[in-house]
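Asker: First the structure, then my questions, so here it is.
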Amino acid sequence: MNSTKQDLINTWKKRGLINDQRVLEAFKTIPREEFVPSCFESKAYRDAPLEIGYGQTISQPFTLLSMVELLNVEKTDKVLEIGAGSGYGAAILGQLASQVYAVEIVPELVKLAQENLNQAKIDNVEVIEWDGSRGYDRESPYDKVIISAACSEIPSALIEQLGENGIIVAPVGDGRSQVMTKCIKYNGDLKKSHFGNYAFVPLTGKFGQSKLENWYI
């Protein structure tokens, strides 16, 4: 039996997992089924990652929403997302922020993400074909940065492009396991806190972690 959107919300609320009502409203608003391959539409509200092709996945709903909750997105924020995938994370962020720049290194996924966002009538997200491990300096500084891929360390370009008091959320680690890490920038340095273990596809590009072999979440 496949879960519904409301089933997931009820489970998260019962367990006290997602508490930000704005994040839950964004999840209610954006149809995840429109951001997964047609063969997976019936599984869109399973709390699990799904393959989207090109060795990439759309994250487990809880994983994505927990990252977005840690990001503390405000309506005036300019957000940089590294790893647009099918565009779903950017769509959620677009409900919460003023502007989202979603960087994706796979050309086919850039096209897919933009088509999905257009279909969902989201006009405050720009999808850019670029090496996300370098950030995206053209629109910096950013209020918030989210990295939707595993990195052994947060690339220095992303730290430089984050504004003072800005927040980066990323899965940081080696091998098949990373620790979800929230970093707040104070006086050019990062104050870090940690929120459990995850396993993400690797961040690719010049400053990525291309040798990772895991492909979950």
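The values are calculated or read from the model by the stated rules, or taken from the named source; none is laboratory data. Predicted model, so just to flag it, every value in this text is computed and none were measured. Cβ sites come from the backbone with ideal geometry, for glycine too, and all protein chains shown count toward neighbours. Ligands, DNA and RNA are stripped out before the accessible areas are found, and what is left, the full protein with its side chains, is counted by its heavy atoms. Shrake-Rupley method; radii C 1.70, N 1.55, O 1.52, S 1.80 Å.
Asker: Looking at (1) buried (at least 22 other Cβ atoms within 10 Å of the Cβ); (2) in a strand (DSSP E or B), can you tell me which one ASN197 breaks?
Answerer: The single condition ASN197 does not satisfy is (1).
Asker: Which residue pairs have Cβ atoms closer than 7 Å, lie 6 or more positions apart in sequence or on different chains, and pair a first residue in the stretch 170-182 that is touching a residue at least 60 places away in the same chain (Cβ under 8 Å) with a second residue that is small (Gly, Ala, Ser) and open to solvent by 30 Å² or more (accessible area, probe 1.4 Å)?
Answerer: Pairs that qualify, where the first residue is touching a residue at least 60 places away in the same chain (Cβ under 8 Å) and the partner is small (Gly, Ala, Ser) and open to solvent by 30 Å² or more (accessible area, probe 1.4 Å), are MET180/GLY196; LYS182/SER193.
Asker: Could you tell me how many of the residues in the stretch 108-140 are among the polar types (S, T, N, Q), assigned to a helix (DSSP H, G or I) and in contact (Cβ under 8 Å) with a residue 24 or more places away in the chain?
Answerer: Number of matching residues: 4.
Asker: Can you tell me which residue is modelled with the lowest pLDDT among those in the stretch 185-217 that are aliphatic (A, V, I, L, M) and over 17 Å from the mean Cα position of the chain (by Cα)?
Answerer: LEU212
Asker: Quick test of your reading of the structure: ASP77 fulfils all but one of (1) touching a strand residue (DSSP E or B) at 6+ places or on another chain (Cβ under 6 Å); (2) open to solvent by 40 Å² or more (accessible area, probe 1.4 Å); (3) not polar (S, T, N, Q). Name the failing condition by number.
Answerer: ASP77 satisfies all of (1) touching a strand residue (DSSP E or B) at 6+ places or on another chain (Cβ under 6 Å); (2) open to solvent by 40 Å² or more (accessible area, probe 1.4 Å); (3) not polar (S, T, N, Q) except (2).
Asker: Within the stretch 22-31, identify whether any single residue is in contact with a Ser or Thr (Cβ under 6 Å, 6 or more places away or on another chain), crowded, with 20+ Cβ neighbours inside 10 Å and in a helix (DSSP H, G or I), and answer yes or no.
Answerer: no
Results for (1) more than 15 Å from GLU81 (Cβ to Cβ); (2) of a type outside the set (Asp, Glu); (3) touching a strand residue (DSSP E or B) at 6+ places or on another chain (Cβ under 6 Å), shown as yes or no for each residue.
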residue: LYS121; (1), (2), (3): yes, yes, no
residue: TYR136; (1), (2), (3): no, yes, yes
residue: SER140; (1), (2), (3): no, yes, no
residue: ASP174; (1), (2), (3): yes, no, no
residue: VAL179; (1), (2), (3): yes, yes, yes
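Asker: Return yes or no: is LEU93 in contact with a strand residue (DSSP E or B) (Cβ under 8 Å, 6 or more places away or on another chain), surrounded by 15 or more Cβ atoms within 10 Å (Cβ to Cβ) and in a helix (DSSP H, G or I)?
Answerer: In short, yes.
Asker: Can you tell me how many residues within the stretch 141-183 are assigned to a strand (DSSP E or B), open to solvent by 40 Å² or more (accessible area, probe 1.4 Å) and touching an Asp or Glu at 6+ places or on another chain (Cβ under 7 Å)?
Answerer: 1
Asker: Can you name the condition, by its number, that GLY87 falls short on among (1) out of contact with any Ser or Thr (no Cβ under 9 Å at 6 or more places or on another chain); (2) farther than 20 Å from ALA170 by Cα; (3) surrounded by 19 or more Cβ atoms within 10 Å (Cβ to Cβ)?
Answerer: Of (1) out of contact with any Ser or Thr (no Cβ under 9 Å at 6 or more places or on another chain); (2) farther than 20 Å from ALA170 by Cα; (3) surrounded by 19 or more Cβ atoms within 10 Å (Cβ to Cβ), only one is false for GLY87: (2).
Asker: Do we have any residue at all in the stretch 110-118 that's among the charged types (D, E, K, R) and open to solvent by less than 30 Å² (accessible area, probe 1.4 Å)?
Answerer: The answer is no, given that none of the residues of the stretch 110-118 is among the charged types (D, E, K, R) and open to solvent by less than 30 Å² (accessible area, probe 1.4 Å).
Asker: Out of LYS14, LYS75, I need the residue that is over 29 Å from GLN209 (Cβ atoms) and at pLDDT 95 or above. Which one?
Answerer: Answer to the selection: LYS75.
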